[in-house]
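Okay, structure first, notes after.
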Amino acid sequence: GNSVTQMEGPVTLSEEAFLTINCTYTATGYPSLFWYVQYPGEGLQLLLKATKADDKGSNKGFEATYRKETTSFHLEKGSVQVSDSAVYFCALKGYGGSQGNLIFGKGTKLSVKP
Amino acid sequence: ETGVTQSPTHLIKTRGQQVTLRCSSQSGHNTVSWYQQALGQGPQFIFQYYREEENGRGNFPPRFSGLQFPNYSSELNVNALELDDSALYLCASSGGWGDEQYFGPGTRLTVT
């Protein structure tokens, strides 16, 4: 079945450091891939998405490229801020029938120190 | 445009009781999906409703049931609550079953 594996946290960085959170997936066909962010005490917000191979999703300085050959969708940011502290979830969505639901990884908690 | 809202924000129930959680979808959306997020875990898909019909279900027992109303709002009902049902329950709405999902803030359920 479809699944998502992302690097375990927590990840602690200093402000302005480079961020990478690894995400790999297993899926049949050509899923869409997403990164969601969850701030403390809140629901999920869509951060970025990519719907086909080699697409790059980007938002608020975050980027991720859909790599079909390595089944990966790693999240990167060149310079993190304290306000980026949150839990980040990688997710995929298949197609057809009941595959419209999202399948999430376990989440990676990011803490950014000033 | 009003986003996805959920009620209540928090509630505490006793094992064996029943609970109903509510979700109002974003304006113009006809699909609602429910997810369970245990502490420290990613959300797990419970089921999805599209135009008042169940349109897919995850690996949850039948005591998890739902409804979608003509205005596309939705309810999640859980019978015979167990301690492991303690979690954040998230509702997401979308314009169609395969479209982008927008999440509400969640309902935190504690079962004692």
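The values are calculated or read from the model by the stated rules, or taken from the named source; none is laboratory data. It should be emphasised that the depicted structure is a prediction, and the values quoted were computed from it without experimental measurement. Heads up, the Cβs are rebuilt from the backbone with ideal geometry, glycines too, and the neighbour counts pull from every protein chain shown.
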*Mind listing just one residue for me: the one in the stretch B:93-112 that is part of a strand (DSSP E or B) and either without any contact (Cβ under 8 Å) to a residue 24 or more places away in the chain or within 14 Å of chain A (Cβ to nearest Cβ) (or both) and, of those, farthest from B:Tyr49 (Cα to Cα)?*
B:Arg108
*asked:* Just checking: which of the strands (runs of 3 or more DSSP E) contained wholly in the stretch B:2-59 hold 2 or more residues that are touching a strand residue (DSSP E or B) at 6+ places or on another chain (Cβ under 6 Å) and facing chain A (nearest Cβ under 8 Å)?
replied: B:31-37, B:44-50, B:53-57
*Look through B:Leu76, B:Leu90 and report the one residue that is in contact with a Leu (Cβ under 7 Å, 6 or more places away or on another chain), within 14 Å of chain A (Cβ to nearest Cβ) and not in a loop (DSSP other than H, G, I, E, B).*
B:Leu90
*asked:* I need a count of the residues in the stretch A:70-86 that are outside any loop (DSSP other than H, G, I, E, B) and without any contact (Cβ under 8 Å) to a residue 60 or more places away in the chain.
replied: 6
_Identity of the residue in the stretch A:44-56, over 10 Å from the mean Cα position of the chain (by Cα) and within 13 Å of chain B (Cβ to nearest Cβ), that ends up nearest to B:Tyr35 (Cα to Cα)_ = A:Leu44
_So in the stretch B:72-112, with the set limited to residues that are surrounded by fewer than 20 Cβ atoms within 10 Å (Cβ to Cβ), out of contact with any helix residue (DSSP H, G or I) (no Cβ under 6 Å at 6 or more places or on another chain) and farther than 24 Å from B:Arg15 by Cα, which one is modelled with the lowest pLDDT?_
B:Gly96
_Residue among A:Gly61, A:Gly107, A:Gly100 that alone is within 23 Å of B:Phe103 (Cα to Cα), at pLDDT 95 or above and within 12 Å of chain B (Cβ to nearest Cβ)_ = A:Gly107
*Test each condition in (1) of a type in the set (S, T, N, Q); (2) surrounded by 15 or more Cβ atoms within 10 Å (Cβ to Cβ); (3) more than 25 Å from A:Lys93 (Cα to Cα) for B:Gln17 and report the one that comes out false.*
(2)
*asked:* surrounded by 16 or more Cβ atoms within 10 Å (Cβ to Cβ), touching a helix residue (DSSP H, G or I) at 6+ places or on another chain (Cβ under 9 Å), at pLDDT 95 or above and away from every other protein chain (no Cβ under 12 Å): is that true of A:Lys77 in this structure?
replied: yes
*Count of the stretch B:60-73 residues which are under 14 Å from B:Val32 (Cβ atoms) and either of a type in the set (S, T, N, Q) or in a loop (DSSP other than H, G, I, E, B) (or both)*: 7
*How many residues does the stretch B:41-70 hold that are loosely packed, with under 13 Cβ neighbours inside 10 Å and in contact (Cβ under 8 Å) with a residue 24 or more places away in the chain?*
0
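Conditions tested, residue by residue: (1) surrounded by 14 or more Cβ atoms within 10 Å (Cβ to Cβ); (2) part of a loop (DSSP other than H, G, I, E, B).
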{"site": "A:Val4", "(1), (2)": "yes, no"}
{"site": "A:Thr12", "(1), (2)": "no, no"}
{"site": "A:Glu16", "(1), (2)": "no, yes"}
{"site": "A:Tyr25", "(1), (2)": "yes, no"}
{"site": "A:Thr28", "(1), (2)": "no, yes"}
{"site": "A:Leu33", "(1), (2)": "yes, no"}
{"site": "A:Val37", "(1), (2)": "yes, no"}
{"site": "A:Gly41", "(1), (2)": "no, yes"}
{"site": "A:Leu48", "(1), (2)": "yes, no"}
*Can you spot a residue in the stretch A:51-58 that is under 27 Å from B:Arg57 (Cβ atoms), surrounded by 20 or more Cβ atoms within 10 Å (Cβ to Cβ) and at pLDDT below 95?*
no
